[in-house]
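K.L.:
Next up is a structure, given as structure tokens.
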Amino acid sequence: MRVTATRSGDWWAIEAEHDGQPIYTQAKRLDQVDELVRDAFATLDIDLADESIDVVPVLGSADVAEAARTASKQAAQAAKAASESMRRAVSRLQGDGLPVRDVAVLLDISPQRVSQLSSVRVAAPKRAPLKKAPAAAPAASKVAKRAAGGSTTVKPAAKRGALVKESQRDQRSRAMPAAKPKPDRLAEKDSPHERPRVTIAAIRSASR
């Protein structure tokens, strides 16, 4: 909906029409016109919730304002086009291998601006994967047994330690001399060879 705002002193005289129904109000600032127009029609039971309001200022210098808005829009579009052109130029020059400072000199911009416009992203160098240490070669006996079709069983560390200790005890026992058995004193006392039996006949013959 088109709404005209005519400058009158320090106020804006607002005039609008909807389905043949006109309204007249005033606003102190142009940014208040939209809300005031909707409220004015609401008092007439007319809902403008789905309507867009286009405010058209009317004043002696309106043409100057319109020309300024048009120039501003054109400048924004030109700046956008220039930025796209600069970005393409930076990408092309850096693609040819030129450093940032040379690109800045050629385009008459700062090196920081070149970095902002640059679309080239330098990938971080990839690290070489860590190489695993080669596995230790199996013992010759295990290799031979495996080649012959046998199976090798790796004993746990605790069990291997117990076997080593047992082997050391066997070596110490073989190195020590065997202990001599002690004579049996009781057997010596009771032996018939050591203590001859004295008979009555022997005593009589001795007395004669």
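K.L.:
Once label points are set 7 Å from the Cα along Cα→Cβ at both ARG101 and ALA78, what is their separation, rounded to one decimal in nm?
P.N.:
Rounded to a tenth, the inter-label distance reads 3.3 nm.
K.L.:
Okay, next question. From a point 7 Å beyond the Cα of HIS18 in the direction of its Cβ, which residues of the stretch 34-78 have a backbone N at a distance under 12 Å?
P.N.:
Counting only backbone N, you get 34-54.
K.L.:
For the stretch 6-50, what class follows from the C-alpha gyration tensor (a ≥ b ≥ c being the square roots of its eigenvalues): rounded when a/c is under 1.5, otherwise prolate if a/b is larger than b/c, else oblate?
P.N.:
Note, shape of the stretch 6-50 comes out prolate.
K.L.:
Tell me, what HN-Hα J-couplings in whole Hz come from the Karplus equation 6.51 cos²θ - 1.76 cosθ + 1.60 at θ = phi - 60° for each residue of the stretch 84-96, using x for Gly and Pro?
P.N.:
These are the phi-based 3J(HN,Hα) values: 5, 5, 4, 5, 5, 5, 4, 4, 5, 5, 5, x, 7 Hz.
K.L.:
Still on this structure, I have one more. With θ set to phi - 60° and the Karplus curve 6.51 cos²θ - 1.76 cosθ + 1.60, what are the ³J(HN,Hα) couplings of the stretch 102-117 in order, to the nearest whole Hz, using x for Gly and Pro?
P.N.:
5, 5, 5, 5, 5, 9, 6, 10, 7, x, 5, 5, 4, 5, 5, 7
K.L.:
How much of the DSSP beta bridge set in the stretch 1-124 is antiparallel, as a percent to the nearest 5?
P.N.:
Given both bridge residues lie in the stretch 1-124, the antiparallel proportion sits at roughly 70 percent.
K.L.:
Using a probe radius of 1.4 Å on heavy atoms only, what accessible surface per residue do you get for the stretch 2-77? Whole Å² is fine.
P.N.:
Per residue, the stretch 2-77 has 70 Å² of solvent-accessible surface.
K.L.:
Measure off, as a whole percent, the carbon and sulfur share of the 1.4 Å-probe accessible area of the stretch 1-75, all protein chains present.
P.N.:
Taking all protein chains in place, the stretch 1-75 shows 48 percent carbon and sulfur surface.
K.L.:
Now for a separate question. Provide the FRET efficiency to the nearest 0.05 for the VAL64-GLN112 pair, computing r from the beta carbons and using R0 = 35 Å.
P.N.:
Efficiency for this residue pair is about 0.40.
The values are calculated or read from the model by the stated rules, or taken from the named source; none is laboratory data. This is a predicted model, so every value here is computed, not measured. Don't worry about glycine lacking a Cβ; one is built from the backbone with ideal geometry, like all the others, and counts go over all protein chains shown. In case anyone asks, the SASA skips ligands and DNA or RNA and just uses the protein heavy atoms, side chains included. Shrake-Rupley method; radii C 1.70, N 1.55, O 1.52, S 1.80 Å.
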